[in-house]
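The values are calculated or read from the model by the stated rules, or taken from the named source; none is laboratory data. Predicted, not measured: the structure shown is a model, and the values here were computed from it. A quick note on method: Cβ atoms are made from the backbone with ideal geometry, for glycine too, and the neighbour counts reach across all protein chains shown. Only protein heavy atoms, including side chains, enter the accessible area calculation; ligands, DNA and RNA are left aside. Shrake-Rupley method; radii C 1.70, N 1.55, O 1.52, S 1.80 Å.
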Amino acid sequence: MTTGVRTTPAIRGRLRRTPRPGPGLGLLHGLARGDDGVTGTPFVTRETDVSVRQQPTTDSARVARPPGPTSVRVACQVHGGLVEYDGYSNDAWSHLPDHGGYVSSIFIDVDDARPPGAPTC
């Protein structure tokens, strides 16, 4: 029996999580345009106090820490540093223009390793 971190293949895989009790906080529908004119898809973060980083890596400076779970606008995604959390790993990072940085997509409340509909940066 092997133990350790379950890995999603690149960002094409699917995260399989046990549903958490409480109200559902899944995908919000539609596109949102911010004051900056950038269009993005609204999603909800999975956890509280998720760190938004200047660059798509945990070594990068923290630029924001929105309370959570909360709605965020994802403009696009990139491959970045691998993040391991709660038995999962993922290297997809979502750009959050309203917060001025990137959050690991592992903290976006969707079943996919990459939030659907988010283009590549």
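Filtering Val38, Val103, Val52, Val110 for residues that are modelled with pLDDT under 95 and in contact with a Leu (Cβ under 8 Å, 6 or more places away or on another chain) leaves a single hit, Val110.
Residue selection: Ser94 satisfies the criterion of being without any contact (Cβ under 8 Å) to a residue 60 or more places away in the chain and crowded, with 20+ Cβ neighbours inside 10 Å. Among residues of the stretch 61-91 being of a type in the set (Asp, Glu) and over 14 Å from Thr45 (Cβ atoms), the one that is least open to solvent (accessible area, probe 1.4 Å) is Asp91.
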